[in-house]
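The values are calculated or read from the model by the stated rules, or taken from the named source; none is laboratory data. Predicted, not measured: the structure shown is a model, and the values here were computed from it. So basically every Cβ, Gly included, is an ideal-geometry build from the backbone, and we count neighbours across all protein chains shown. Just so you know, the surface numbers come from the protein's heavy atoms only, side chains and all, with ligands and any DNA or RNA stripped out. Shrake-Rupley method; radii C 1.70, N 1.55, O 1.52, S 1.80 Å.
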Amino acid sequence: QAKAHGRNNYQFFKRRINERAIKRFALEGSLRRAIAREEPAICFQPKMAIATREVVGAEALLRWHDRHSGPVSPSQFIPIAEESGLIIQMGEWVLRKACAQNRAWQDAGLRPIPVAVNVSAVQFRDHHFLDLVARVLHETGLPPQFLELEVTESVTMHDLERTVTLLEALKAMGVGLSIDDFGTGYSSLSYLKRFPIDTLKIDRSFVHDVTVDADSAAITRAIISMARSMNHKVIAEGVETEEQFAFLRAEGCDQVQGYYVSGPLPAADFRQAFLLPAAAPLTDAPLPTGAR
Ligand code: C2E
Ligand code: MG
Ligand code: MG
Ligand code: MG
């Protein structure tokens, strides 16, 4: 009976794996067609300085609404794009789009802010990546300090010497550098010290539990104090509540990102909400002369 059970299990897993492969294959096909039609779009999520409550940056995030299956999450399609190599084309598109949008905002005389772009593992390992960044900055005319690149901790820890060289070259170009999802990978702290980065982003899994779980609170505190001692800025991602915000402020975190401030928005909405000159608070506004 145990044997029959084992065989059933095997059949079950085999079927599951086939189903997964088929789904993956179908998704890859839709993704290819979607890219050809320029269906994926980018949204912008604000980064807010805790001290001033001012929006001081944005992160570009890919959004894809498939005609048949509806919205597909980046955590679903990015891995597929990575395995199929589509990510090179897609990543280049996001980079160019984000830089061009930021340049257009600046040309319109809006408050200038840096825009961050996520860099996938495959892009980071690609030998043309450095050239690509230089080319896109040149072509869009965006000053390098208004581009920031986010690379996950696990990617930077892969080939340490190469990471140091690449980050140094990007830094020399003048772009900002952040380590994304910090705390979830296994950092070599001696290397982390050698990375010429500007910002550590505390992974949202810690932030999520910061007010209910002592370990998450301890890890968050440790990351903040480590970032400060290395002279990096530190930003918490996935901040959703006033309580989480209060904790992070008390612990000396620099910036927050999350639904507490705003989710990712289409470019026009982001501009409307965060880039127009701040209106004076209603109570302080002088009455129009005609009304006096
Ligand atoms: P990430 O770079 O860590 O981005 C943060 C993710 O958290 C985004 O998910 C964002 O929508 C989500 N988020 C923001 N605020 C909150 C919050 O308050 N609560 C919760 N629960 N979630 C929040 P998204 O857009 O689904 O992206 C997931 C991941 O996919 C990103 O993680 C990033 O690694 C990757 N990704 C997204 N766009 C791109 C891209 O253009 N290129 C590459 N290579 N990767 C991308
Ligand atoms: Mg990111
Ligand atoms: Mg992140
Ligand atoms: Mg994350």
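So the values come out like this:
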read-out	value
Set Val239, Val261: member being in contact (Cβ under 8 Å) with a residue 60 or more places away in the chain, in contact with a strand residue (DSSP E or B) (Cβ under 7 Å, 6 or more places away or on another chain) and of a type in the set (Val, Ile, Thr)	Val261
Any hit, the stretch 55-75, residues being open to solvent by less than 60 Å² (accessible area, probe 1.4 Å), modelled with pLDDT under 95, part of a loop (DSSP other than H, G, I, E, B) and within 16 Å of ligand 4 (Cβ to nearest atom)	yes
Residue in the stretch 197-205 that is open to solvent by less than 40 Å² (accessible area, probe 1.4 Å), at pLDDT 95 or above and away from ligand 2 (no atom under 16 Å from the Cβ) present	no
Identity of the residue in the stretch 140-156, open to solvent by less than 30 Å² (accessible area, probe 1.4 Å) and among the polar types (S, T, N, Q), that ends up nearest to ligand 3 (Cβ to nearest atom)	Thr156
Residue count for the stretch 159-196, restricted to those that are open to solvent by 10 Å² or more (accessible area, probe 1.4 Å) and away from ligand 1 (no atom under 15 Å from the Cβ)	21
Filtered residues of the stretch 228-240 (kept if away from ligand 2 (no atom under 16 Å from the Cβ) and closer than 16 Å to Arg204 by Cβ)	Glu240
Filtered residue count, the stretch 242-259, keeping only those that are within 19 Å of Gln45 (Cβ to Cβ), open to solvent by 50 Å² or more (accessible area, probe 1.4 Å) and more than 17 Å from the chain's Cα centre (by Cα)	1
Test result for Ala108, touching a strand residue (DSSP E or B) at 6+ places or on another chain (Cβ under 6 Å), of a type in the set (A, V, I, L, M) and either on the phi < 0 side of the Ramachandran plot or surrounded by 20 or more Cβ atoms within 10 Å (Cβ to Cβ) (or both)	no
Hits in the stretch 224-283 - residues which are part of a helix (DSSP H, G or I) and under 12 Å from Ala49 (Cα atoms)	Phe245, Leu248, Arg249
When residues of the stretch 206-239 are limited to those that are within 16 Å of ligand 1 (Cβ to nearest atom) and among the polar types (S, T, N, Q), the one most open to solvent (accessible area, probe 1.4 Å)	Thr211
Residue within the stretch 121-139 that is open to solvent by 10 Å² or more (accessible area, probe 1.4 Å) and within 16 Å of ligand 4 (Cβ to nearest atom) present	yes
